[in-house]
Amino acid sequence: MSAPKPILDSPLLEQAARHAKEYLDSIADRHVGARATGDELRGQLGGPLQESGEDASAVLQQLAHAGERGTVASQGPRYFGFVIGGSLPVTTAADWLVSAWDQNAQMYIMSPIAAVSEEIAGGWLKEVLGLPATWSVGFVTGCQMANFTSLIAARHHVLRNAGWDVERDGLFGAPEIEAIVNDEAHRTIFTSLRMLGLGTERVRRVKTDSQGRMRKDHLEELLRTVKGPSIVCAQVGNVNTGAVDPIREIAPLVHQRGAWLHVDGAFGVWAAASEGLRHLVAGIEQADSIATDCHKWLNVPYDSGIVLTAHPESHQGGLMVPAHYIQTTPGERDPRAFTPDESRRAHGITVYAALRTLGRRGVSEIVERCCACARRMAEKLRSHAQVRVLNEVVLNQVLVQFVPLPGDGRDEGVFTQQVIAGIQKEGTCWLGGTQWQGRTAARISVSNWSTTEKDIDRSAAAILSVLEQANSPAK
């Protein structure tokens, strides 16, 4: 059996780089949705696992070929589904380095560059978001884990203040924690509460206004009835409307009650980077914890969730478990103290690359450009008599409903679903459907650094063309 060829001498990396470059060179002109079916991909990629393995170059070639039709062009400028950004070229390149270095970012001694890049990038993030330098920062896989980690810290904090050591004694016999959430909270909040043993059905829901913003008066009413330790979960950036809870107004109410205020800021918290938009998130520095996702508006590759807390001791206290083999380095930051993960990628390197390349102004420009493009999309679409824009376009979200012609016979929900399906099939852009306050709607999220006014105009024209075609469905 021959020895494996040293990776530095292997042509595989050059081959992968060539395929990646070809893919990215064409991303702006691609049909945005995936064009291969699941059965087609299984036919290309499946089959029995061979006893002796196959040629690595051939495997890579097959993957690249399948990716031509099996990927969604979410990296491109006209993908408006969910709230998904792309990756800046420098962050894609930095991510290749992360994979090549193959570092375990758990402790400083395992990878000094991973630990130090997180330390520096975390400091820069706090500057960009206008948060105190004393806050702690943890790099996790996404906003789900950022919310989860924030609430681990919150659970530790409120129970410690109630005289209970939850890490030592668990939840059996512990004082009951009241969880109070925005009625429009993202499902990751409920998943986090479930994983923490706090349940999803025993939460108290705060009523919202027509845009999904938490109502201060109802929160105040609920807080008056709470007697034990409590956690309030607010949000900045409703996934349908982009609406932002009034953090500056609700923070004093929460803290007067001795509760922990967590803010789910998956994408909306990045408004703090813009001088013209930061008024929307005024007061976030009064929160006890914030969760966000750098893949969205910072446009770095996936696995880039961030948890920030005003209470580093509670952040670490809820996570740290001693082990006989752990080796700390005096004076250095061990990333494991701020994340539930042990073995993991060096998440901070791509964030470091993005922030250093963009600077404060560059981050602000991405956020402002996406919001301006969202407003432009809303203006283009609302000019058509059969389009209703359902939200106040305060950030990057546009929520629309397509209305059939009088006498058409189809209701608005069915018609909207048919138009959405037609847009996805046509391929100029991609957007998805949602339910908003009992209505079926299309949700357009502008989150990509490369989206321009031309992309908006081209996409709006395609959407309206599909709408017109839907008026005369094939019999």
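Here are the numbers for this structure:
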| item | result |
| --- | --- |
| Net +/- balance of residues flanking A266 in space, Cβ distance below 10 Å, scoring K and R +1, D and E -1 | -1 |
| Answer label, with mean projected area of the Cα convex hull in nm² calculated from the coordinates and candidates [x] 26.9; [y] 21.7; [z] 23.0 | [x] |
| Pairwise Cα inverse-distance average, inverted: Kirkwood Rh of the range 198-270 (Å) | 12.7 Å |
| Contour minus Cα-Cα distance for D408 and E275 (0.36 nm per residue) | 43.2 nm |
| Cleavage-rule hits (chymotrypsin sites (Phe, Trp or Tyr not before Pro)) in the range 317-413: DSSP loop, at most 11 neighbouring Cβ within 10 angstrom | Y325 |
| Sum of side-chain charges, A20 neighbourhood, beta-carbon under 13 Å (Lys, Arg +1; Asp, Glu -1) | -3 |
| Sparse-neighbourhood loop sites, chymotrypsin sites (Phe, Trp or Tyr not before Pro) in the range 257-303 - DSSP loop, at most 10 other Cβ within 10 angstrom | none |
| Volume per residue that the Cα convex hull of the range 287-345 spans, once the total is divided by residue count, Å³ | 112 Å³ |
| Given charges at beta-carbon only (K, R positive; D, E negative), |dipole| of the range 331-468 in Debye | 300 debye |
| 10 Å-binned pair-distance histogram of the range 401-468 (Cα, whole percent) | 20, 49, 26, 4, 0 |
| In the range 216-323, trypsin sites (Lys or Arg not before Pro) in a DSSP loop with at most 13 other beta-carbon atoms within 10 Å | K227 |
| log₁₀ of I(q)/I(0) at q = 0.17, 0.18 Å⁻¹ - the range 162-312, Debye sum with one point per alpha carbon | -1.00, -1.11 |
| Estimated [θ] at 222 nm from DSSP helical runs (n ≥ 4, -39500 (n - 2.57)) normalised by residues in the chain, nearest 500 | -13000 deg cm²/dmol |
| For the range 196-304, size of Cβ-based charge dipole, Lys and Arg +1, Asp and Glu -1, in debye | 400 debye |
| Amide H contacts of E178 (H built 1.01 Å from N, under 5 Å, at least 5 apart or other chain) | S230, I231 |
| Largest to smallest principal axis extent of the C-alpha atoms in the range 350-437, angstrom | 57, 25, 25 |
| Shape of the range 50-91, Cα gyration tensor, a/c cut at 1.5 | prolate |
| Local electrostatic count, Q256, Cβ distance below 11 Å [Lys/Arg +1, Asp/Glu -1] | +1 |
| Positive-end residue of A310, A174, C371, charge dipole of the chain with Cβ unit charges | C371 |
| Lysine pairs meeting the criterion (Cα under 25 Å, 8 or more apart or interchain), as found in the chain | 14 |
| For V206, residues with placed amide H under 5 Å, excluding near neighbours | V181, N182, D183 |
| Cβ-based charge dipole, the chain, positive-most Cα from S10, T292, A105 | T292 |
| Euclidean distance of C-alpha centroids, the range 369-439 and the range 32-67, integer Å | 36 Å |
| Accessible-area composition of the chain, carbon plus sulfur, in percent [1.4 Å probe] | 53 percent |
| Shape call, the range 21-113: gyration tensor on alpha carbons, a/c limit 1.5 | oblate |
| Antiparallel DSSP beta bridges within the chain, as percent of all bridges there, nearest 5 | 60 percent |
| Relative contact order of the range 354-425, pairs being alpha-carbon contacts under 8 Å that are 6 or more residues apart, as % | 20 percent |
| Probe 1.4 Å, protein heavy atoms only - accessible area per residue of the chain in square angstrom | 46 Å² |
| Gap separating the Cα centres of the range 147-212 and the range 311-366, nearest whole Å | 23 Å |
| Of P77, A460, G38, farthest towards positive along the dipole that unit charges on Lys, Arg, Asp, Glu beta carbons give the chain | A460 |
| Net charge dipole size for the chain [Lys, Arg +1 and Asp, Glu -1 on Cβ; Debye, nearest 20] | 1040 debye |
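The values are calculated or read from the model by the stated rules, or taken from the named source; none is laboratory data. All values reported here derive from a predicted model rather than from experimental measurement. Neighbour counts run over all protein chains shown; Cβ positions are idealised from the backbone, glycine included. Keep in mind that these areas ignore ligands, DNA and RNA; they rest on the heavy atoms of the full protein, side chains included. Shrake-Rupley method; radii C 1.70, N 1.55, O 1.52, S 1.80 Å.
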